[in-house]
1. Pulled fully out, how much extra length does the chain show between Trp64 and Leu441, if you take 0.36 nm times their separation in residues and subtract their Cα-Cα distance?
2. Taking neighbour Cβ counts within 10 Å as the exposure measure, how do Arg195, Arg341 sort from fewest upward?
3. Please turn the phi angles of segment 217-223 into ³J(HN,Hα) values with the Karplus equation 6.51 cos²θ - 1.76 cosθ + 1.60 (θ = phi - 60°), one per residue in order, whole Hz, x for glycine and proline.
4. So for segment 49-121, averaging the separation of alpha carbon pairs under 8 Å that are six or more residues apart and normalising by length, what relative contact order in percent results?
5. Note down the relative contact order for segment 330-445 as a percent, whole number, built from C-alpha pairs under 8 angstrom at least six residues apart.
6. What nm distance separates the two modelled labels at Asn434 and Asp322, each placed 7 Å from Cα along Cα→Cβ?
7. Can you tell me the 0 to 90 degree angle between the C-alpha axis of helix 79-90 and the longest principal axis of the chain, rounded to 10?
8. Most exposed first by the Cβ proxy, i.e. fewest other Cβ within 10 Å, how do Asp234, Asp17 rank?
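Readers should treat all values here as calculations from the given coordinates under stated rules, not as data from a laboratory. Here the structure is a predicted model, which is why all the values come from computation and not from measurement. Here the Cβ positions follow ideal geometry from the backbone for every residue, glycine too, while neighbour counts run over all protein chains shown.
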Amino acid sequence: ETAEELRQFQFAEGYADATVELSPIHREPDEEGVRVDLKATVIRGPRTRLGEIEFTGQQKTREWMLRSKAQLTGPWLNRIEADEARNKLSRLGVFKSVYVDYPEETNTVEEVRNVRYTLEEGRRIDVRLLMGYASYDMLFGGAEFDHYNLWGIGHNARLYGVQSFKSTLGRYTYSVPEFLAPDLTAFADADFLRRQELTFDRREIKLGAGLRKSFPSTGQQVGLRYSYQFLRSDKQTGGAGVEDTRVAAVVADWSIERRNNPLLPRRGFRAGFSAEYATPELGGEASYQRFEGSFSYHLPVARATYLHFGFWHGISADLVQDRGPLPFNKRFFPGGETSIRGYEQGGASPLDATGRQLGAESAMIGNFEFEQALTRRWSVVGFVDTAGITPTIDDYPFDDVLVSVGAGLRWNTPVGPLRVEYGHNLNPRTFDPNGTWHFSLGYPF
């Protein structure tokens, strides 16, 4: 490690062929072993000037974009700087491989070397078909289309669409990786959702743009975006929320992923938080603040036994300006295969006197699972899910508590566990079912 640090220092000063040799000069036994003093001999070699910056192998990528990502300062050849530029090109996500070498410049009196980046472009178009089954949506199918390196300048686009018996979802995202800083992505997106909930129909169109910064060494991400939304809900009753509105909001979010396997977690944790601030001053009609926080933890307690814990809390109300009712679509509707499993999707929402969903302005979900693996692929689980809900923020944090207990069977696939589960409600309300079966793919929390 010491030798490499010395070598890196020489590289930064322009000594491209520097080497470091370590040799022992003194040995002395102590209580912990033998202490050895080392002598470091640095062999610099000639100081090398920076020549031309070359790119080979690119076919569709524009050279001016490559040069904007590989700007070396000179006048000396700094191999550390050249390798950082290689990493920056790799993070664009459009190359299968990026190599750098330093061919010597001929016919020069002093030592001059070029920096040559050899590129192999990746696939520009990728199409994936999507199919599956979920307890509430039933059969669904769709496709995901990715177009990489748009215009030859490293930009990417993704078109995603899914149709089920209960919903239609479409999303388009245009992204610019490595925007102004490492691991910083700029994006613009458009979403369309039409969904049949239990007692109302939801329609949403969302347009947005923002920035997202990743921190790969810690598994964290932070994001900030502006969102303009057209929200509509049909078949609602009572005074819980407006039916049709436009929303302009600023949204900030943070997440950390420290699980050993996001598709099949056995140890580690994940956490996230988001805050949405909407006000007419941003261009919409509605005024509210919406906060969501989540945490999950996974712990092996024996060779094939695991405990899983999950918690989620959401608040959605106008806590600052009190300018009117909360948009109905911005209320929370807990229940379902990833929430409290004694209920269908959205079924654990507060209800009115006729059994229609009111939505919650404050909600909490707690999950506990005991998983016992039977084989490498099969396992059984027992779980307890709880929900605290209230239709109005005045009764924060909740005025009603729902509890489900249940069990299930899981088959672990390469894309997550295939789950069959039954949740039984211990304290069902007047319009609640005694329990609900769920058949789904993916980890619940």
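1. Numbers: separation 377, 0.36 × 377 = 135.72 nm, distance 4.48 nm.
Net length gain for the segment: 131.2 nm.
2. Lowest count first: Arg195, Arg341.
3. Each residue's phi maps through the Karplus curve to give 5, 10, x, 9, 9, 10, x Hz.
4. Values: 117 pairs, mean separation 32.6, N = 73.
Computed over segment 49-121, the figure is 45 percent.
5. Details: 303 pairs, mean separation 28.3, N = 116.
Normalised by residue count, the contact order of segment 330-445 is 24 percent.
6. If labels sit at Asn434 and Asp322, their model points lie 4.6 nm apart.
7. Once rounded, the angle reads 30 degrees.
8. Working: Asp234 13, Asp17 16.
Exposure proxy ranking, most exposed first: Asp234, Asp17.
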